[in-house]
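Worksheet for the structure shown next.
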Amino acid sequence: MKFFVDTADVDEIRDLNQTGMVDGVTTNPSLVAKTGRDFVDVLDEICSFISGPVSAEVTATDASSMIAEGRKLSQLANNITVKVPLTWDGLKACKTLTGEGSMVNVTLCFSAAQALLAAKAGATFVSPFVGRLDDIGQDGMELIEDIRILYDQYDAFDTEILVASIRSPMHVTRAALIGADVATIPPATLRGLINHPLTDKGLATFLADWEKTGQSILDK
Ligand code: G3P
């Protein structure tokens with residue numbers, strides 16, 4: 001499963017990229033607004049050191065304006081993935097932009113019916129928002145299960161499931177168990193994947209016992 005980092009904070013992306021675990025980046029208007037920076041500067045900087053897909057979202061709501069914005073975003077770098085909302089206009093823009101060779105991430109997906117439409121529109125990625133479904137008392141990961149089953153019925157569907165609105169390591173683990181293609185993970189959650197108290201405890205015990213031997217591997 002590919003790991004994308006879900007942030008527009010370039011410093012966070014640079015830091016996490018050192019782990020070798022970053023396969024791409026997703027941004028959205030809220031994440032870009034949070035940086036307080038010019039969005040083209042942000043995208044240019046991210047694409048200067050991230051070679052995987054970098055999602056940048058249109059802000060228009062009608063198809064023709066989405067297409068114009070998508071073309072402009074695609075010109076920034078060849079790994080820019082145009083993000084469009086799951087609306088009829090977004091699906092029309094998706095069809096046109098993928099037809100022109102752009103990668104398109106259809107976002108704000110909350111049902112299997114919507115995911116079916118995204119695949120039929122030729123989306124490169126579909127972004128089901130699991131955390132926001134959890135927030136209203138549903139089980140967001142059940143949607144991922146349904147989309148996985150649905151997409152696997154049809155060879156013609158090439159759309160990758162990009163699990164978004166991730167709030168915990170459990171979301172990442174369940175997404176991988178289901179067979180999602182990508183998880184886009186907030187920086188803190190990505191860092192949190194490695195944490196387990198028994199690992200820390202076990203390492204401390206190993207080192208304490210080794211210390212008692214007075215030996216050093218490099219001195220041998
Ligand atoms: O990529 C979409 C993601 O940023 C939304 O997350 O936590 O605002 O639902 P959240």
Most to least packed among 137-143, 89-95 [average Cβ atoms within 10 Å]: 89-95, 137-143
Length-normalised contact order of the range 118-220 in % [C-alpha pairs under 8 Å, at least 6 apart]: 24
Estimated dipole of the chain in Debye, rounded to 20 [Cβ of Lys and Arg +1, of Asp and Glu -1, Cα centre]: 40
Long-range amide H partners of L108 with built H, under 5 Å: S127
Computed [θ] at 222 nm, deg cm²/dmol, the chain (DSSP H ≥ 4; -39,500 (n - 2.57); rounded to nearest 500): -14500 deg cm²/dmol
Degrees between helix 140-152 axis and first principal axis of the chain (Cα, 0 to 90, nearest 10): 70
Principal axis dimensions, the range 1-101 - Cα atoms, whole angstrom, descending: 39, 30, 21
For D6, residues with placed amide H under 5 Å, excluding near neighbours: T26, I185
Equivalent ellipsoid semi-axes - Cα gyration tensor, the range 58-145, angstrom: 24, 12, 12
Estimated distance in nm for a label pair at D200 and A176, the labels positioned 7 Å out from Cα along Cα-to-Cβ: 2.1
Gain in span if fully extended, E211 to T61, counting 0.36 nm per residue against the direct Cα distance: 47.6 nm
When the range 105-220 is reduced to its Cα atoms, the Kirkwood hydrodynamic radius in Å: 16.3
Distance in nm between pseudo-label sites at E142 and R191 (7 Å out along the Cβ direction from Cα): 3.4
In Hz, Karplus ³J(HN,Hα) per residue of the range 168-180 (6.51, -1.76, 1.60; θ = phi - 60°; x = Gly, Pro): 7, x, 5, 4, 5, 4, 5, 4, 5, 5, 6, x, 5
Mean Cα-pair separation over length for the range 2-195, i.e. relative contact order, pairs under 8 Å, 6 or more apart, %: 18
Segment T35-S51, extension gain: residue separation times 0.36 nm, minus the distance between their alpha carbons: 3.6 nm
Whole-number D in µm²/s for the range 2-195 (Stokes-Einstein; Kirkwood sum over Cα pairs; 37 °C, 0.692 mPa s): 199
Proximal lysines relative to K2, as straight alpha-carbon distance under 28 Å, when same-chain residues fewer than 8 apart are discounted: K34, K72, K83, K92, K95, K120
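Each reported figure results from applying straightforward, stated rules to the coordinates on display, with no laboratory input. In this text the structure is predicted, and so the values were computed from the model without any measurement. For neighbour counting, all protein chains shown are included, and Cβ atoms are generated from backbone atoms with ideal geometry for every residue, glycine included.
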